[in-house]
Amino acid sequence: MQEGLLIVLSGPAGSGKGTVSQLLLRSPEFAFSVSATTRAPRPGEVDGVNYHFISVADFEERIRRGELLEYTNYCGNYYGTLRSEAEAILAGGRNLLLEIEVEGAANIRRLRPDAVLIMLLPPSFSAQEKRLRGRGTETEEKIRARLARSRAELDCLHLYDYMVLNRDNGAEDCAEDVRAIVRAERCAVRRHPGAAAAFFEN
């Protein structure tokens, strides 16, 4: 069985990562590793479904024990991927979808050079601000922090393999772009180093 692909989705706040991830996960070829975080749940979020909501002390102990594939501190909260969940999904042949920030993506690149890094972007900075304010779930201070953070995130765009624009009302088109990237990556010659020899064995 061919191991699944490790797919990283990043993007500034308001880029629609969550919506696009949900669309992709309708297909059994994609699986989601529930991230751990120390931030408080938002309305409607469920522990173990959206995130593993844990304490700072618990998170730091997991770091010490090497139980995280990657982690980062974003806007004052820890976020990370549990190594055990990630490895089980990949070994089962499914594509693992990680919805993580740029620092985590850089860590994944170092640990797994074969990972596919995709940056989702809103159509523009003004569209991003409109989306964040439209949520109505965060304080003005948090909104400003997230908008300021987007400049640092875009500075890391060169670390990514692909960039996909998530236009207004275009989440399904964005998800299809990601599916196309995955199909192409599965056919990449570098992922089949023994193909030429195997061709003559049958």
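Here, each number is a calculation from the coordinates, and none is a lab measurement. Only a predicted model underlies this, so the values are computations on that prediction, with no experimental measurement involved. Note that we place each Cβ from the backbone using ideal geometry, even for glycine, and neighbour counts take in every protein chain shown.
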| task | Select from ALA148, ALA105, ALA171 the residue whose mean-square fluctuation is largest in a Gaussian network model of the chain (Cα-Cα springs shorter than 10 Å). | result | ALA148
| How far, in degrees from 0 to 90, does helix 140-154 lean away from the longest principal axis of the Cα atoms of the chain, to the nearest 10? | 30
| query | Under a point-charge model restricted to the Cβ atoms of Lys and Arg (+1) and Asp and Glu (-1), what is the dipole moment magnitude of segment 68-198 relative to its Cα centre, in debye to the nearest 20? | reply | 120
| said: Restricting to DSSP H runs of at least four residues, report the calculated mean residue ellipticity at 222 nm for the chain, -39500 (n - 2.57) per run over all residues, nearest 500 deg cm²/dmol. | reply: -12000 deg cm²/dmol
| said: Quick check: the angle from helix 171-186's long axis to the longest principal axis of the chain, C-alpha only, nearest 10 degrees? | reply: 30
| field | Most fluctuating residue given options LEU111, LEU121, LEU132, as computed from a GNM of the chain linking Cα atoms under 10 Å | value | LEU111
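Of the DSSP beta bridges with both residues in the chain, give the percent that are antiparallel, rounding to the nearest 5.
Expressed as a percentage, antiparallel bridges in the chain total about 30.
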| query | When the convex hull of the Cα atoms of the chain is projected onto a plane and the area is averaged over all directions, what value comes out in nm²? | reply | 12.4
| note | For segment 42-95, the Kirkwood Rh over every pair of distinct alpha carbons, in Å, works out to 12.4
| Looking only at PRO41, PRO28, PRO113, which one moves most when the chain is put into a Gaussian network model with springs between Cα atoms under 10 Å? | PRO28
| said: Which chymotrypsin sites (Phe, Trp or Tyr not before Pro) in segment 94-202 sit in a loop by DSSP (not H, G, I, E or B) and have at most 14 other Cβ atoms within 10 Å of their own Cβ? | reply: PHE200
| said: Counting other C-beta atoms within 10 Å, and keeping those with at most 16, which DSSP coil trypsin sites (Lys or Arg not before Pro) do you find in segment 15-99? | reply: ARG26, ARG39, ARG65
